[in-house]
Each structure stands twice: as structure tokens, then as C-alpha cells.
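Q: Would you mind keeping the following structure in view while I ask a few things?
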Amino acid sequence: MRRIVLNDGTEIPVIGQGTWRMGERGGERATEVKALQAGVDLGLTLIDTAEMYGSGGAEEVVGEALKGRRDRVYLVSKVLPSNASRAGTVKACEQSLKRLGTDHMDLYLLHWRGSYPLADTLQALLDLKAQGKIRAFGVSNLDVNDMREWMALPGAEATVANQILYNVGVRGPELDLAPAMARAKVALMAYCPLAQGDLTGFKKLEPIARRHNATVAQIMLAWSTRNPLSFAVPKSSNITRLKENAAAGDIALTPADLSEIDAAFPVPGRPVPLEMI
Ligand SMILES: NC(=O)c1ccc[n+]([C@@H]2O[C@H](COP(=O)([O-])OP(=O)(O)OC[C@H]3O[C@@H](n4cnc5c(N)ncnc54)[C@H](OP(=O)(O)O)[C@@H]3O)[C@@H](O)[C@H]2O)c1
């Protein structure tokens, strides 16, 4: 599994595990816990969750999966915009930590921009970091203008990542947002790197997949993590697919592969607003 070093010096694997839709159905809890644990054993040692997922249920599933494994995992969660006031962010983080059964998160993100001033959320994140409740902070779904505003705030230079929708079929960020993030050394954390599992529109990747003795999903993951300071969090509750996703972290696409992908899935001709799911 390839690894990258974030701007605070922390090393992480390029592929982790998403948890959206986990913790929603009690009957699937054991399967979800087992899948996350198997993923960690396979090297997918970064877990992305949020207080929003399953209204706290996903964090509880992650908490269960982390028992005896906490120190092996880079743990990411997110505060809802509706909680992202200065006091609300601190309270939300403390409640997430309780559900996660840990005393700290490795990375805590503002899930998307809401109505609270960005400066208030940032101040709360700085306070949480000073208290050791989070090791680092970042944002999610911030487009280029919001990102510029965020990065201009005092203390924002410590921002580690912006988690955004990014996959072979969604390349708008390459025009403006991704280069701006790269200049600021803010990592691109790709969500929905597998287009939420609907791979029907990606048949043009099949020849590349055959050349690498890989699946289309693996090519999508190798592609979304091809640049320095980029990593992805595909979600799977299926052990076979988790194995596939982990192995994708070792695939290096060639310049010929990348040109073929550029031709089949071009970058838009002009800047487009950041898409969000
Ligand atoms: N910040 C945000 O606003 C935001 C928004 C959306 C998502 N996220 C985060 O990003 C994570 C990933 O996004 P996502 O879960 O929406 O979509 P995704 O990871 O692109 O796709 C997940 C779907 O793909 C399937 N899948 C997984 N591995 C596969 C493989 N190797 N081959 C074929 N299918 C595969 C999964 O099914 P099985 O489980 O059956 O394998 C699942 O249905 C989320 O879980 C969440 O943590 C963040």
C-alpha cells in the first residue's frame, strides 16, 4: 500500500475506508464491524466517519471495530454544519469521541459550510487541537472561494485536508480547487471514489484494468490517488471487495493509462462548481 505524508508530518495509507450508510440498520452491525476490522488488517488503516452517518450510528460501529485496534487506525470524523458554532463544535466532537470510544481523533473536518462563521468553527478546531482531542483538522466540500476564505483565517495554515467528491467521472476540481489546495499543501481526500458503486459508466477503463490484471474499481482507486497529497476513502462491507480496494493501493498507472483516461473522461472545458453528494 502506497503511503503519503500529510503537511503535519503524519503518514497515512492512500486508501482508507468510508462508513456512510453504516450504523443505519441494527441487523447489519456485526457485518459492518467485521468488515472494518478486516479492512484494517488488510492495510486500510484510515477510517472516515461522521456524526451525520446513521445519526451517530456509524461512529458507534467504528467505535466497536476499533476496540483493541485504536492505535493502528488514523481516525477521521466530521462535525455537521448545524453544530459548527464555536461551542457546538466542541460539544459535537466530545459526543463523537464518546461514540467512537476514544479520547482523540486524528483528523476532524467541518462536513460542509453552513451558516456559522468559518472563523468560529476554526477557533473551535484550534481549541480542540490544543486540548489534544483532535490531532489535526480540515474541511470538506469547500470550493475554491470558500477555501480561499478559510485559508486566509489566522491558524488555518494547519489545515490538513479538504474532503471532496472526486472520481474519474468528476474532474472539475482539477481546474481550480485541486491546484489551489496543492499550493497550500492541503491534501485532497477523495470521497465517492467509486461513484457510489455504480460502475456501469466506466467500461472504458476495462482495457486498462486488463493490462494491470485488475478490476475497473481498482483502476478508479489508483487514479484518484495518483497525485502527491491525495488519498481516497471507498466504502465496502464486503471482504472480497475490501481486498480489492487494498490491493489498488499498489497499482501505479502509466503515462499511457493516464492519457487513455484523459481521452475517455476529460476534464471539463471550463471551471464548474464543486459537486457534492
Ligand atoms: N464529505 C462528504 O460530504 C462525503 C459524502 C459522501 C461520502 N463521503 C465519505 O466517502 C466514503 C465513500 O463514499 P461512498 O460510500 O458514498 O461511495 P463509494 O466509496 O464511491 O462507493 C461505495 C459503494 O461501492 C461499492 N464497492 C466498494 N468497493 C467496491 C469494489 N471494489 N468493486 C465494486 N463495488 C465496490 C460498495 O458496496 P459494498 O459495500 O457492497 O462493497 C458501495 O455500494 C463514504 O462512505 C463516506 O465515508 C463523504
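Q: Taking only C-alpha pairs under 8 Å that are 6+ residues apart, what is the relative contact order of segment 4-69 in percent?
A: Relative contact order for segment 4-69 comes out at 38 percent.
Q: Here's another thing I want to ask about it. Could you tell me whether segment 81-128 comes out rounded, prolate or oblate from its Cα gyration tensor? Rule is a ≥ b ≥ c as square roots of the eigenvalues, rounded for a/c under 1.5, then prolate if a/b exceeds b/c, otherwise oblate.
A: It is prolate, given that a/c is not under 1.5 and a/b is the larger ratio.
Q: Okay, next question. Two decimals is fine: what's Rg over Rh for the chain, C-alpha atoms, Kirkwood radius as Rh?
A: 0.95
Q: Using alpha carbons only, what's the Rg to Rh ratio of segment 107-185 with Rh from Kirkwood?
A: Rg/Rh: 0.97.
Q: Let me ask another. Would you please give the residues with an amide H less than 5 Å from that of ARG2, counting only those at least 5 places away or on a separate chain, with H modeled from the backbone geometry?
A: Placed amide hydrogens put VAL14, ASP250 under 5 Å from ARG2.
Q: Moving on to the next point. If you average the sequence gap of Cα pairs under 8 Å that are 6 or more apart and divide by the length of segment 153-277, what percent do you get for the contact order?
A: 33 percent
Q: For a quick check: with amide H placed at 1.01 Å from N, whose amide H comes under 5 Å from TYR74's, ignoring anything fewer than 5 positions away on the same chain?
A: LEU46, ILE47
Q: Please report, in debye to the nearest 20, how large the charge dipole of segment 3-264 is about its Cα centre when each Lys and Arg carries +1 at its beta carbon and each Asp and Glu carries -1 there.
A: Rounded to the nearest 20 debye, it is 380 debye.
Q: Here's another thing I want to ask about it. Which of the lysines could a cross-linker bridge to LYS129, judged by Cα under 21 Å and excluding same-chain residues fewer than eight apart?
A: Within the straight-line cut-off, LYS129 pairs with LYS78, LYS91, LYS98, LYS185.
Q: Before anything else, pin down the relative contact order of the chain: Cα pairs under 8 Å, at least 6 apart, normalised by residue count, whole percent.
A: Worked out over the chain, it gives 21 percent.
Q: A further question follows. Two decimals, Cα atoms only, Kirkwood Rh: what is Rg/Rh over segment 170-216?
A: Using Cα coordinates only, the ratio equals 1.09.
Q: Sticking with this one: In whole Å, what three semi-axes, largest first, describe the equivalent ellipsoid of segment 161-262 built from its Cα gyration tensor (square root of 5 times each eigenvalue)?
A: After diagonalising the Cα gyration tensor, the semi-axes are 21, 16, 12 Å.
Q: Whole angstrom only: what separates the Cα centroid of segment 53-83 from the Cα centroid of segment 118-171?
A: Computed from Cα coordinates, the inter-centre distance equals 18 Å.
Q: A follow-up question, please. Enter the Cα centre distance for the pair segment 1-46 and segment 198-220, rounded to the nearest angstrom.
A: Between the Cα centres of segment 1-46 and segment 198-220 lies a distance of 22 Å.
Q: For segment 106-113, just list the computed ³J(HN,Hα) in residue order, Karplus coefficients 6.51, -1.76 and 1.60, θ = phi - 60°, integers in Hz, with x standing in for Gly and Pro.
A: Along segment 106-113, the couplings run 7, 8, 10, 10, 6, 5, 7, 6 Hz.
Q: With the Cα gyration tensor of segment 63-201 giving a ≥ b ≥ c as the square roots of its eigenvalues, does the rule (a/c under 1.5 for rounded; else a/b larger than b/c for prolate; else oblate) give rounded, prolate or oblate?
A: oblate
Read-outs: derived from the displayed coordinates by stated rules, not from any lab. Nothing here was measured: the structure is a model prediction, and the numbers come from that model. When we count neighbours, we look across all protein chains shown, and the Cβ atoms used for this are built from the backbone with ideal geometry, even at glycine.
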